[in-house]
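> I have a structure I would like to understand better, so I am pasting it below and will then ask my questions one at a time.
Where a number appears in this text, it was derived from the coordinates with a stated rule and is not lab data. Note that the structure is predicted; figures quoted are calculated from it, not measured. No Cβ is skipped: glycine too gets one built from the backbone with ideal geometry, and neighbour counts run over all protein chains shown.
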Amino acid sequence: MRLVVALTGASGAHLGVRLLELLREHAVETYLILSRQAETLIEEETALPVSEVKRLANSAYGETDWHAPVASGSFCHQGMVVIPCSMKTLAGIASGYAENLILRAADVTIKENRPLILVPRETPVSAIHLENMLKLARLGVVIAPPVPAFYQRPASLEESIDFFLGRLLNLLGIPNQLVRPWPHSSGL
């Protein structure tokens, strides 16, 4: 399996980094795109050097690398995840404004009818944000805010993140043990 993963300038870099770790554990070939702001947030929020995050992917590109294979519809992949997805990126995708590699790769993913999952990191959301999300959802894009599931009774932030990412892996058809099926034996 081959996936495109993009990290944008929204808070939540840890979500994208952990997704890359999980995809590596599942032997998924990953093509990473980092926005300039994502690089700043990776270091601020995770204390990891950007070079270490890039090594989690099979290939890594900056947002201005127009020669990257993910810029073309002829590059076959099984889906794209933008995690975290800033409202600026979401708006660009919704309007077809492919001014950088992340927006172009998402545009190509939509036009080639491949799965696109956006993990928006903004709250509260405005009517403009909601209209952009609705427009994309009508095109088949999955909008998946990183909402914790308390019925799983997570003991830590890491467990909560892994549960959410397990849901994303499920959406991509990647079997995992991060999500217990409902109902489970906890007595809820």
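> Which peptide among 24-37, 83-96, 166-179 comes first, and what is the full order, when sorted by highest mean count of other Cβ atoms within 10 Å?
83-96, 24-37, 166-179
> Label the stretch 93-145 by shape, choosing from rounded, prolate and oblate, from the square roots a ≥ b ≥ c of the eigenvalues of the Cα gyration tensor; if a/c is under 1.5 it is rounded, and otherwise prolate applies when a/b is larger than b/c, oblate when it is not. Each step should come with its number before you reach the end.
Numbers: a/c = 1.82, a/b = 1.52, b/c = 1.20.
In terms of gyration-tensor shape, prolate.
> Still on this model: Spelling out what I want: for every residue of the stretch 50-57, take phi, set θ = phi - 60°, compute 6.51 cos²θ - 1.76 cosθ + 1.60 (Karplus), and round to whole Hz; glycine and proline get x.
Each residue's phi maps through the Karplus curve to give 4, 4, 5, 5, 4, 5, 6, 9 Hz.
> Treat each spin label as a single point 7 Å out from the Cα along the C-beta direction, and report the Glu158 to Arg2 distance in nm.
Those two pseudo-labels are separated by 3.3 nm.
> Now a separate question. Tally Lys and Arg at +1 and Asp and Glu at -1 over the other residues with C-beta under 13 Å from the C-beta of Arg153: what net charge comes out?
In short, 0.
> At a Cα cut-off below 21 Å, give the lysines reachable from Lys135, other chains included and same-chain residues fewer than 8 away excluded.
Reachable lysines: Lys88, Lys111.
> Between Glu44 and Leu130, what's the calculated FRET efficiency when r is the beta-carbon distance and R0 is 25 Å? Round to 0.05.
0.35
> Label Ser95 and Thr64 with points 7 Å out from Cα along Cα→Cβ: what is the distance between them in nm?
Going by the 7 Å Cα→Cβ label model, 2.1 nm.
> Something else about it: Give the Debye-formula value of log10 I(q)/I(0) at each listed q (0.14, 0.18, 0.19 Å⁻¹), with one equal scatterer per alpha carbon of the stretch 2-171, two decimals each.
Here the Debye-derived log intensity ratios amount to -0.67, -1.15, -1.30.
> What is the distance, in nm, between label points placed 7 Å from the Cα along the Cα-to-Cβ direction at Phe75 and at Arg180?
So the label points at Phe75 and Arg180 sit 4.0 nm apart.
> Excluding same-chain residues fewer than 8 positions from Lys54, which aspartates and glutamates have a Cα within less than 14 Å of its Cα?
Once the sequence-local aspartates and glutamates are set aside, what remains near Lys54 is Glu21, Glu29, Glu39, Glu43, Glu63.
> DSSP loop chymotrypsin sites (Phe, Trp or Tyr not before Pro) in the stretch 92-188 with at most 14 other Cβ atoms within 10 Å of their Cβ, which ones? Don't skip to the end; give the middle numbers.
On the way: sites: Tyr97, Phe150, Tyr151, Phe163, Phe164; in loops: Tyr97.
Qualifying residues, ordered by number: Tyr97.
> Cα-based Rg of the stretch 70-188 per 2.2 N^0.38 Å, rounded to two decimals?
1.17
> Still on this model: Given the DSSP H assignment, sum -39500 (n - 2.57) over each helix run of at least 4 residues in the chain and divide by its residue total; what's the result at 222 nm in deg cm²/dmol, nearest 500?
Details: 7 runs with 77 residues, N = 188.
When only DSSP H runs of four or more count, the value is -12500 deg cm²/dmol.
> Taking amide H positions as placed in the peptide plane 1.01 Å from N, state which residues far from Cys85 in sequence (5 or more) or on other chains have amide H under 5 Å from it.
Amide H to amide H, under 5 Å and 5 or more residues apart or across chains, Cys85 pairs with Val119, Arg121.
> Give the angle, between 0 and 90 degrees and rounded to the nearest 10, that separates the Cα long axis of helix 36-46 from the longest principal axis of the Cα atoms of the chain.
Around 20 degrees separate the two axes.
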